[in-house]
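Structure first, then comments.
Please treat every number below as a calculation from the coordinates, not as lab data. Everything numeric in this text was worked out from a predicted model, so none of it was measured. Note that we place each Cβ from the backbone using ideal geometry, even for glycine, and neighbour counts take in every protein chain shown.
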Amino acid sequence: MVNVVCIFCVFQIQYDVTRIKQKMKDLASLHDKHLNRPTLDDSTEEEHAIEITTQEITQMFHRCQRSVKSLQSRARNCTEQEERLLRNVMSSLAQSLQDLSTNFRHTQSGYLKRMKNREERSKHFFDTSVPLMDDGEDHTLYDRGFTDDQLVLVEQNTLMVEEREREIRQIVQSISDLNEIFRELAGMVVEQGTVLDRIDYNVEQSCVKTEEGLKHLQKAEQYQKKNRKMLVILILFVLVIVLVVVLIGVKLK
């Protein structure tokens with residue numbers, strides 16, 4: 001019987017997997033809402049929600065990864081049957097987490113690409129390369145004919161670009177963390193797959209040996225049947241000899 005701690009750990013991982021799936025749906029919705037705004041003005045609230053949700057998903061991946069490792073170490077202290085059961089469960093959980101991490105990486109990469117595309121489009125409307133605070137050129141923008149409203153827009157766009165750069169760095173870091181998790185989970189899947197292959201091989205060899213044993217048993221049964229037939233023939237032959245001797249003795253009298 002697998003101990004209670006292992007069972008609780010499995011349930012916790014399954015629960016986190018369910019939460020990750022839901023959080024990924026929420027994050028995809030936030031991404032679409034953020035990128036499909038009708039104006040270039042970004043909502044700080046939306047950005048904060050995206051950042052928090054991304055961190056929560058990444059943290060849950062790390063927690064699940066640690067839990068699978070914990071199961072892996074506990075399995076070594078179990079009986080052979082319990083270890084086989086836990087390794088099958090770990091293989092299934094690691095595969096599910098690996099698939100989820102792949103989907104999450106694709107989601108983050110897609111969001112990053114869409115962010116960069118939007119930034120490229122915004123460059124057609126604003127030029128942020130104009131120096132704002134160079135010495136002796138305080139009125140450069142005014143000299144070039146910029147109005148106060150245009151200056152406000154340029155400053156807002158500069159802040160927006162800086163915010164986008166920060167957000168892009170966070171996404172890149174998130175993808176980097178996921179790559180590390182993915183590699184470790186891939187190693188676990190390969191390791192558990194190797195164990196399962198050994199189990200399958202042992203089962204296959206047992207089946208082969210069982211079939212060979214059955215063939216030997218059938219041959220032995222055939223030999224036994226032949227021996228019985230020979231014994232019956234021998235007994236009949238002896239009886240015939242006895243009857244012949246008796247018959248000859250009767251005639252001689």
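In table form, for the structure just shown:
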| read-out | value |
| --- | --- |
| Label-point separation, K113 to D26 (7 Å along Cα→Cβ), nm | 2.7 nm |
| Segment Q81-K33, length gained on full extension (0.36 nm per residue, minus Cα span) | 12.3 nm |
| Potential extension, T102-N3 segment - 0.36 nm per residue separation minus Cα distance | 32.5 nm |
| Ordering of 51-64, 21-34 by packing [mean C-beta count within 10 Å, highest first] | 51-64, 21-34 |
| Separation in nanometres of the label points that stand 7 Å from Cα toward Cβ, at I241 and K219 | 3.3 nm |
| Span per principal axis, largest first, for the Cα atoms of region 23-123 (Å) | 63, 21, 18 |
| 31 Å Cα-Cα threshold exceeded, pairs from K25/K69; K69/K113; K23/K69 | K69/K113 |
